[in-house]
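Below is one structure, written out as structure tokens, with a few remarks after it.
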Amino acid sequence: MTTQDRPAADGLEPLLDPLKALANPVRLQVLQWLREPELHFPVDAAVTDPRAVGVCVSHIQAKTGLAQSTVSAYMATLERAGLVRSTRVGKWTHYRRDEERISRLVADLERGIGGPGTFA
């Protein structure tokens, strides 16, 4: 199929990066864990609030069992796609979900490829 034969995305381009980011099972799992960080990661309220600041990348790395560099690359992909936000706390990076962007993505998917309530 040539570029000229490829169908137009008709306004669906904003969905491509988030969907590519979610196509990796580990990134999808991390995003699911971050939905309820208190259930999946150690919480030390004296250091940070996992809902407000996020979960330290070292905790994400430990839970996945992957190399730190791999987890950092995965988190950067999720951040570029707008699905998570990062916050520096000292020398550590913490990640939390961008709930507003995720809600918009779900709404865009419903409008773009599904009917009302398809993903609810």
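Here, each number is a calculation from the coordinates, and none is a lab measurement. Note that this is a predicted model, so its numbers are computed, not measured. Methodologically, a virtual Cβ is constructed for each residue, glycine included, from the backbone with ideal geometry; neighbour enumeration extends over all protein chains shown.
Here the residues ASP44, ASP17, ASP98, ranked from fewest to most Cβ neighbours within 10 Å of their Cβ, fall in the order ASP44, ASP17, ASP98.
The slack in the chain from LYS20 to VAL106, taken as 0.36 nm per residue of separation less the alpha-carbon distance, amounts to 29.5 nm. For segment 13-110, a simple Cβ point-charge model (Lys and Arg +1, Asp and Glu -1, everything else neutral) yields a dipole of about 320 debye relative to the Cα centre. log₁₀ I(q)/I(0) of segment 13-110 at q = 0.17, 0.19, 0.20 Å⁻¹, via Debye over equal Cα point scatterers, no solvent, to two decimals? Debye output, listed in q order: -0.70, -0.87, -0.96. For segment 73-84, putting each phi into the Karplus relation 6.51 cos²θ - 1.76 cosθ + 1.60 with θ = phi - 60° gives couplings of 5, 4, 5, 5, 5, 5, 5, 4, 6, x, 8, 9 Hz, in residue order, rounded to whole numbers and with x for Gly and Pro.
At full extension, ASP44 and ARG80 could sit 10.2 nm farther apart than now, given 0.36 nm per residue minus the alpha carbon distance. Between THR87 and THR70, the modelled label-to-label distance comes to 2.9 nm, taking each label 7 Å out from Cα in the direction of the beta carbon.
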